[in-house]
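First the structure, in the form of structure tokens, and then the observations on it.
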Amino acid sequence: MPPHLDAKYQLAPVGDLRFDPENPRLGGAGKHKDQEQIQDYLEGPPNYALDLVGSIAANGFLPYEPLIVRRQGEKFVVIEGNRRLAAVHAILSDPAKYPADLPNSLKQIPVLVFANGARDSEEVLRYLGVKHLFGFRDWPPTSKAMFLDERVRTKNDLGQVLKELNIKRGEAARYLIPYRLMKVVRKASKGVEMEDFWSLAESFGRKNIRAYVQLDVDRRALKIRSFDATKMRYLARFLYGKRRRVTDTRQLSALSKVLGSSEAARKLERGATLEEAMLYVEPKRETLSHLQRQLEKIFDKIRTLSPGKEDSAKILDLIEEFAKKLKK
């Protein structure tokens, strides 16, 4: 154990272990949930605690990977290792599925009890950050951002935190800037549930999107100076609203192109789909020329297939109907 960690290794009954609703890995989703609801949440995305069941069933609970806990009366609150505790609960809830010796071996599991067991104690925060924040055991992006933001707020020294966690300013910015902006936007955009932090984070990797919301950031402190609140509400709707325009992060490139054009952006704001708005990214004449070339290619493909009389009649009817609309 590193010399700066003052903690005690022991076995603890599983019945004495409690999930931590405010654990940073949960990204805020554990608040206002009881223990059973947290169990359900950990079993699903993005935590997938049940993926650990197979490993525990095959190897048991590894003694050199104890849960990190703090004492709460006669019980223990798990600071680190909530997914593994959820996997253990899943096994113990259906012991008949496993060899008899496995459930028996999981009635007590190893824990590391910090002498100063507060969640935000210096020892615990350093342990969590160094071991997990950007290490081999990955946290969901929201959890990383939440932990990093809280750590900087607690220390009030971004440079010291970056040094402590051995991460670069640019890497920290990928999490801190969109997370801090998201907290502000949530207050300003009522009715828009911003459940997917990473969509917002990925969008700010595009120059046009940053320019669209007029985002101004203090790069040294990684704090938000200002942004256009109206444009930010639009962006939140494009990414998270009931009629969201972006359903996959792969569409962010198209969104960036649209928001880089004032006319295309206005169309999107007024209800156009992303595909419709893309028609206004280039000058009208260029877009029409491009569409004409596409139409010619489609006609060539149809001709190559040599459609029969019935299909040909349907195609000609469509062309005639299109011609009438075009004349109007």
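Structure summary
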| quantity | calculated |
| --- | --- |
| Alpha carbon centroid spacing (whole Å) that separates segment 81-98 from segment 30-44 | 14 Å |
| Partners for Lys267 among lysines (Cα-Cα distance below 18 Å; same-chain residues under 8 apart left out) | Lys231, Lys242, Lys257, Lys284 |
| Highest-MSF residue in the chain out of Leu102, Leu158, Leu259 [GNM, Cα springs under 10 Å] | Leu102 |
| Filtered GluC sites (Glu not before Pro), segment 40-106: DSSP coil and at most 11 other beta carbons within 10 Å | Glu74 |
| Per-peptide average of other Cβ atoms within 10 Å, ordering 281-293, 141-153, 205-217 highest first | 141-153, 205-217, 281-293 |
| Computed [θ] at 222 nm, deg cm²/dmol, the chain (DSSP H ≥ 4; -39,500 (n - 2.57); rounded to nearest 500) | -15500 deg cm²/dmol |
| Evaluated over segment 285-327, the Cα radius of gyration and Dmax, each in Å | 12.1, 35 |
| Candidates Ile224, Ile38, Ile315: whichever shows maximal mean-square fluctuation once the chain is modelled as a Gaussian network with Cα springs under 10 Å | Ile315 |
| Relative exposure of His89, His32, judged by other C-beta atoms within 10 Å (fewest first) | His32, His89 |
| Folded to 0 to 90 degrees: helix 284-304 orientation relative to the chain principal axis, Cα | 80 degrees |
| For the chain, share of DSSP beta bridges that run antiparallel, in % to the nearest 5 | 75 percent |
| Residue among Ile177, Ile79, Ile167 with the largest mean-square fluctuation in a Gaussian network model of the chain, springs linking Cα atoms under 10 Å | Ile167 |
| When the convex hull of its Cα atoms is projected in every direction, mean area for segment 198-306 (nm²) | 8.8 nm² |
| Diffusion constant of segment 146-251 at 4 °C, which comes from Stokes-Einstein with the Kirkwood Cα-pair radius and 1.567 mPa s, µm²/s | 90 µm²/s |
| Inverse of mean 1/r across different Cα pairs in segment 7-116, Kirkwood, Å | 14.1 Å |
| Where N is the number of residues in the chain, Cα Rg divided by 2.2 N^0.38 Å | 1.36 |
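Only the coordinates and a few stated rules stand behind these numbers; no lab work does. Given the structure is predicted, the values throughout are model-derived calculations rather than measurements. Cβ sites come from the backbone with ideal geometry, for glycine too, and all protein chains shown count toward neighbours.
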